[in-house]
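Asks: Input: one structure, supplied below.
The values are calculated or read from the model by the stated rules, or taken from the named source; none is laboratory data. A quick note: this is a predicted structure, and the numbers were derived from the prediction, not measured. Reconstructed Cβ throughout: ideal geometry from the backbone, glycine too, with neighbour counts over all protein chains shown. Heads up: the accessible areas ignore ligands, DNA and RNA and are worked out on the full protein's heavy atoms, side chains in. Shrake-Rupley method; radii C 1.70, N 1.55, O 1.52, S 1.80 Å.
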Amino acid sequence: MEVILLRKTHLPQERCTSLFAKMRTSLFANCSTFLFAKKRTLLFAVYIRVAEALGIRAITARQWLYMAYSTAGNSLYESMKKNAGYRGILAPRSLKVRYLEEDIPYSLVPMASLGRMMGVSTEVMDSIILMGSIINSTDYRVSGRTVENLGIAGMSLRELRLIAIGETGK
């Protein structure tokens, strides 16, 4: 997938950052919309499918919130709103934050790359990677970790598992 980076389309990066900084509010309590939670639920579903393709049992974001914070809800949105641990965490002052500059290239990109290698659809993850790339004018698919630059492209499930436990498979 080719990423086309758009610069200074509707609002320049500096202006977006300035507007974002003026809207400082509780990041999770006030900025988590139902649609954001829905997208996050779909994103975690991709993580779970990739994990399952590798023979790993994974949990949903809502289950994780319950385990980590004892926050229960009928949906991820409800659980995020109820989570006392999220209160007081303010929205960042800039769009140059680790949520984009670290989580995308070093978490989402390798997971999407591995998912594609394992035959898992990663469209939701790909859309977030693309949005982050556009926001920060950086092609995270190029700068991030992929199965190719990690040296695991084309490896079998057995080979991947052996690497995970420190074996070479030879």
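Asks: Can you find a residue in the stretch 73-95 that is more than 24 Å from K38 (Cβ to Cβ), open to solvent by less than 50 Å² (accessible area, probe 1.4 Å) and out of contact with any strand residue (DSSP E or B) (no Cβ under 7 Å at 6 or more places or on another chain)?
Replies: yes
Asks: Same structure, new question: Return the residues of the stretch 149-170 that are surrounded by 10 or more Cβ atoms within 10 Å (Cβ to Cβ), at negative phi and not basic (K, R); say none if nothing qualifies.
Replies: N149, L150, I152, A153, M155, L157, E159, L160, L162, I163, A164, E167
Asks: Under the condition of being within 17 Å of A51 (Cβ to Cβ) and assigned to a helix (DSSP H, G or I), which residue from the stretch 124-156 is farthest from the chain's Cα centre (by Cα)?
Replies: Result: V124.
Asks: Moving on to the next point. For M125, indicate whether it is closer than 30 Å to R161 by Cβ and at pLDDT 90 or above.
Replies: When the stated conditions are applied, M125 passes them.
Asks: Take T168 and decide whether it is at pLDDT below 95 and part of a loop (DSSP other than H, G, I, E, B).
Replies: For T168, the condition - at pLDDT below 95 and part of a loop (DSSP other than H, G, I, E, B) - is met.
Asks: Would you kindly identify the helices (runs of 4 or more DSSP H) lying entirely within the stretch 1-120 that contain at least 3 residues that are within 17 Å of the chain's Cα centre (by Cα), among the polar types (S, T, N, Q) and modelled with pLDDT of 80 or more?
Replies: In the stretch 1-120, there are no helices (runs of 4 or more DSSP H) which contain 3 or more residues that are within 17 Å of the chain's Cα centre (by Cα), among the polar types (S, T, N, Q) and modelled with pLDDT of 80 or more.
Asks: Show the residue pairs that are 6+ apart or on different chains and have beta-carbon atoms under 6 Å apart, the first residue being within the stretch 112-141 and open to solvent by less than 40 Å² (accessible area, probe 1.4 Å), the second being among the acidic types (D, E).
Replies: So the pair list comes out as A112/D126; S133/D139.
Asks: Hey, another quick one. What are the residue pairs meeting all of these: first residue in the stretch 74-87, first residue of a type in the set (D, E, K, R), second residue surrounded by fewer than 18 Cβ atoms within 10 Å (Cβ to Cβ), Cβ atoms under 6 Å, and 6 or more apart or on different chains?
Replies: These pairs meet every condition: K82/G73; R87/A29.
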